[in-house]
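Each remark here refers to the structure printed beneath this line.
The values are calculated or read from the model by the stated rules, or taken from the named source; none is laboratory data. Predicted model only: the values in this text are computed from it and were never measured. For neighbour counting, all protein chains shown are included, and Cβ atoms are generated from backbone atoms with ideal geometry for every residue, glycine included. These accessible areas exclude ligands, DNA and RNA; they are computed on the full protein's heavy atoms, side chains included. Shrake-Rupley method; radii C 1.70, N 1.55, O 1.52, S 1.80 Å.
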Amino acid sequence: MSFRTRRVLFITPFYMLFEFFLIKYVFLLLGGMDDAYILLITIFIGLNHCVPMLFEIRKSNVITRFLTTLDGIWMWASVMFLIDIVIIYLIGSFVALSFEINLALLLIVPVLGVYNYFKAHHLKINRKELRINNLDHDICIAHLSDVHFGSVRHRKLISDLALKLKQLEGECDLVIISGDLADGSSAVMEDDFLALSDVDMPVIFTPGNHDFYPGIDNVVRACRKAGIIVLDNESFDFENLNIFGLTFSFDERDLPKIDESLIKPGMVNIINYHVPYYWDEFASLGFDVQLSGHTHGGQFYPAVWFANRLFEYNKGLFEKSGKYLHVTTGVGSMDVPMRWGTDSEIVVLKLKR
C-alpha cells in the first residue's frame, strides 16, 4: 500500500467529521436540515473520498476518475465554504443577515469554483530570460513540472501538454520536466505518456516524490516508451549544456555524491531537482541553473499565502551573482483540479549569451 493510499485512508474519518459539521452549519444558515440527511451526505462524501482510489491504483476507468474529480472539487469547496462561514459569522456579529444575504454570500463559492476550474485547465506559456556565461550560442528550454497525471487529470492532460510543446518546437531546443510527471492517484500504464512521443525535440525528465507512489518502474517504463530521456541521478549533454538530474523522493534511497565532479568546465551546468532546496549549495559547487517545481506556487488562495511563507523560493525566477533558480508553478494540480492566483504553465527559459 502506497504512502498516498495510507494517508487518504487515515484522514478519511477526520475528513468526514469535519464535513458533517460544515454541512450542518451551511444548512443552518439556510434554515436547517435534519441530521439524518446530513449524516447520509457525509457518508457518501467519505466513501467517495477513498473507495474510487482503491480501484484507480489498480486500473483507471472513467467512472472512478469522475468520482475522484468530484471529490477533489468538493474538497476545494469545503475549504472555501469554511472561509465563507467565518466571514458570515464575523459580519453577523455586527449586523443581522437575512436569508437572502446568507445565500448570496454562500453562492460566491460556486462562482469562484467555475473560475478556479477553468484556470486549472488553461495551460499557459510564460517566457523568462536568463543571462548565462559559458554559452556558445543562445538556447531555449521549455521548463515544466508537476504534471500530476492521475485520476483527476488523465490522458487528455498529456495530449494537451504534447500539443502545447509542439507549438514551441520552432522556439525551444529541448524540454526539461522537473518531477511529478505522475500523481500516484491512479495506475500508470506503459502507453499513458505516448502522446509526448510526437514532440520533435528532446524531452528530459527527472523523478520527483509523486512519481514513486504508482511505482517508479511503471513511470520510467511509460517514459521510455514515449521516448523521454530519464535522468535518475545521471547527466546528459545537450550542445553546450551539462544537465544533471537529481531524483527526489521521501522514501529512503541511496543518494549520489553531489560534488564538483559533476561540474563540466566550459559548459553551462544545470541541475534538474524537483524541490527548490539547496540552491546556494548547488550554486557554490558550480551549477549555473537549478530547475525545480514541487510547490505549485500554493496552487490557489489562500494556500498561496502559506506557500510564500513555507518555501523560501515558492515560484518564479531567482538570481544571485549570475546563478539562477527557476521554480515553476506546474502544469497539473494536486488533489483538487483548481487554481487561483497561479498559472498552469510551461515556462520558456531563454538562455542568452
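Some points to look at:
- The HN-Hα couplings worked out from phi for the range 137-147 by the Karplus form 6.51 cos²θ - 1.76 cosθ + 1.60 (θ = phi - 60°) are 7, 5, 10, 10, 10, 8, 9, 8, 7, 6, 5 Hz, whole numbers, x standing for Gly and Pro.
- For the chain, the per residue solvent-accessible surface stands at 46 Å², with DNA, RNA and ligands left out and a 1.4 Å probe.
- Convex hull volume of the Cα atoms of the range 1-141, normalised per residue: 216 Å³.
- Derived scalar couplings ³J(HN,Hα) [the range 183-197; Karplus, 6.51 cos²θ - 1.76 cosθ + 1.60; whole Hz; x for Gly, Pro]: 9, x, 7, 9, 5, 10, 9, 4, 9, 5, 9, 4, 4, 6, 5
- Extension gain, residue 27 to residue 11: 0.36 nm times the residue separation minus the Cα-Cα distance gives 3.3 nm.
- Loop trypsin sites (Lys or Arg not before Pro), the range 1-63, which have at most 13 other Cβ atoms in a 10 Å radius of their Cβ (DSSP): 58, 59
- At full extension, residue 34 and residue 90 could sit 17.6 nm farther apart than now, given 0.36 nm per residue minus the alpha carbon distance.
- Cα centroid separation - the range 93-152 against the range 211-241, whole Å: 27 Å
- log₁₀ of I(q)/I(0) at q = 0.26 Å⁻¹ - the range 286-345, Debye sum with one point per alpha carbon: -1.03
- Cβ-Cβ FRET estimate between residue 99 and residue 310, R0 fixed at 30 Å, reported to 0.05: 0.15
- Computed from the C-alpha gyration tensor, the three semi-axes of the ellipsoid equivalent to the range 193-310 are 23, 22, 15 Å, from longest to shortest.
- Potential lengthening between residue 118 and residue 225 on full extension [0.36 nm per residue; Cα-Cα distance subtracted]: 35.4 nm
- The share of alpha-carbon pairs in the range 123-211 lying farther apart than 16 Å comes to 57%.
- For Cα Rg over 2.2 N^0.38 Å, the value computed from the atomic coordinates appears in the list (i) 0.92; (ii) 0.99; (iii) 1.09 under label (iii).
- Proximal lysines to residue 166, defined as alpha-carbon separation beneath 30 angstrom and excluding residues fewer than eight positions away on the same chain: 59, 119, 124, 128, 156, 225, 315, 323, 350, 352
- Solvent-accessible surface of protein heavy atoms, probed at 1.4 angstrom with all chains present, puts 33, 338 in the order 33, 338, largest first.
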